[in-house]
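Read-outs throughout are calculated quantities, based only on the coordinates presented, and are distinct from any laboratory measurement. In this text, all values refer to a predicted model and were calculated from it rather than measured experimentally. In this analysis, Cβ positions are derived from the backbone assuming ideal geometry, glycine residues included, and neighbour counts consider all displayed protein chains.
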Amino acid sequence: MAKTASFTKRALITKANSTMVYATAIAAFLVVFSAVASKALVSQAMYQNRVISAKKKALSTLKSDLSAVNSLKDSYKSFVNTPRNVLGGNPAGTGDQDGDNAKIVLDALPSKYDFPALATSLEKLINSQGLQIQSIGGTDDELAQASNQESATPQPIPVPFQIRVTGSYDATKNLLTVFERSIRPIQIQKVEVSGDKGGSVTTTIDAQTFYQPEKSLKIRTEVVK
């Protein structure tokens, strides 16, 4: 009988120890799980706060941009819809000094490289002074300039050219004045004149004009980490 009681007591102790081990294991698991879950929740909460902050900043920027767009529209309308353009010409006319201000600005600094169009413009200016064109030279660098058609920070790019004309001294002098007053900026780098001042002279002019690539406006996405 004593042996049976001792065995029963030992079995109860073993059972109690097993129960305690199980309880301790479960408690440890719950503690570890709670710690990991809490860390994940805190990390997720911090991430969501960063996302919300970035969204608020983007919204503020968008509102500011929309306001700037409306202001830009009003300024553009005022700039274009004037009775006379910046050259004193008729905005609706077709003469050399006519056209609205937006067209004049685009003519002054084109956004595309176009050497043939430049040569045509130079020919028109030279002919207007009664000079005879001997040559209009330069390098048609369209293939090399293809990569400069758009930029986030566009800068004026020079387009060198050379002309050789023949005519009177006064006509040649007037041509230089016309270049100086041209809508499109022209920098004269070198002038060579041969002949008699009282008669016909041959003039070679090395100069350059410019074009400026379009400004790219791209909407980008940002990953919040």
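Quick look at the numbers
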| item | result |
| --- | --- |
| From phi via Karplus (6.51, -1.76, 1.60), per-residue ³J(HN,Hα) for segment 206-211 in Hz, x at Gly/Pro | 9, 8, 8, 10, 9, 9 |
| Tail weight of P(r) past 23 Å, computed on alpha-carbon pairs of segment 112-215, percent | 30 percent |
| Segment 71-81 - phi-based ³J(HN,Hα) in whole Hz, Karplus 6.51/-1.76/1.60, Gly and Pro as x | 5, 5, 4, 5, 5, 5, 4, 5, 6, 7, 8 |
| FRET efficiency for Arg50 and Thr120, using Cβ-Cβ distance with R0 set to 35 Å, rounded to 0.05 | 0.05 |
| Residues with amide H under 5 Å from that of Tyr211, placed H, sequence gap 5 or more | Ile157, Val159 |
| Residues whose placed amide H lies under 5 Å from that of Gln134, excluding near-sequence neighbours | Arg164, Val165, Thr166 |
| Cβ-placed point charges (K, R +1; D, E -1), dipole of segment 96-225 about Cα centre in debye, nearest 20 | 340 debye |
| Members of Lys39/Lys225; Lys103/Lys218; Lys112/Lys215 lying beyond 20 Å, as alpha-carbon distances in this model show | Lys103/Lys218 |
| Label-point separation in nm, Leu66 to Leu109, each point 7 Å along Cα→Cβ | 3.1 nm |
